[in-house]
């Protein structure tokens, strides 16, 4: 009787589950650290950026928008920026850069003498008869920006005691993707910041 050799096939051994889990967690941690080094999460409080951004009545109350800002980008006209003042953090829009001449005439913006359209401004937030919405031309000094809130009727900005703000005081600039997907970004962060903690109270 002929005997045939018995061949045992060894199953290919993959990486242990614990090692795969460690690798996945390490990758997630790496990208989380990288993301947080590039972006800063901002919760909008107050009405100075209505209707572009909705602000909560207080920092510990839900209802405001969440956005992310780039930490290391040079500001341009039209950018939404987060600024560290002497007493608090504010969010405004860059209207003029160094060397620009900025003026408002009954709510209409003149930049370097030219009437400039502002599609982000709602007529309900820009009363042409309010004194704050008219001012003589201001020249922006070197190293500074002229900023205003999109809610022109209710914003403390470069028209007030803040004046032109130092570029060095800018913490970050709103990321385009964060504004494009603002509703999703806000819903995600609101869940983890306000909704989830409330479930365990």
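Using only Cα atoms, find the angle between the long axis of helix 17-38 and the longest principal axis of the chain, and express it within 0 to 90 degrees, rounded to the nearest 10.
Long axis of 17-38 versus the principal axis of the chain: about 10 degrees.
Take the Cβ-Cβ distance between residue 54 and residue 18 as r, set R0 to 41 Å, and report the resulting FRET efficiency rounded to the nearest 0.05.
Calculated transfer efficiency: 0.35.
At 7 Å along Cα-to-Cβ for each site, give me the label-to-label distance between residue 122 and residue 183 in nm.
A separation of 1.6 nm, rounded to one decimal place.
Compare the peptides 53-60, 78-85, 21-28 by average per-residue count of other Cβ atoms within 10 angstrom and give them in order, highest first.
Order by mean packing, descending: 78-85, 53-60, 21-28.
Normalised by the residues of the chain, what does the relative contact order come to in percent, with Cα pairs under 8 Å and at least six apart?
Details: 348 pairs, mean separation 42.4, N = 201.
Here the relative contact order equals 21 percent.
Select one label from [x] 20.0; [y] 25.8; [z] 10.8: the one whose number is mean projected area of the Cα convex hull in nm² as derived from the coordinates shown.
[x]
Given R₀ = 30 Å, what would the calculated FRET efficiency be for residue 194 paired with residue 27, taking r from the Cβ atoms and rounding to 0.05?
0.55
Values quoted throughout were computed directly from the atomic coordinates according to the rules given, and no laboratory measurement underlies them. Please read these numbers as outputs of a predicted model, since none were measured by experiment. All Cβ positions, glycine included, derive from the backbone under ideal geometry; neighbour counts span all protein chains shown.
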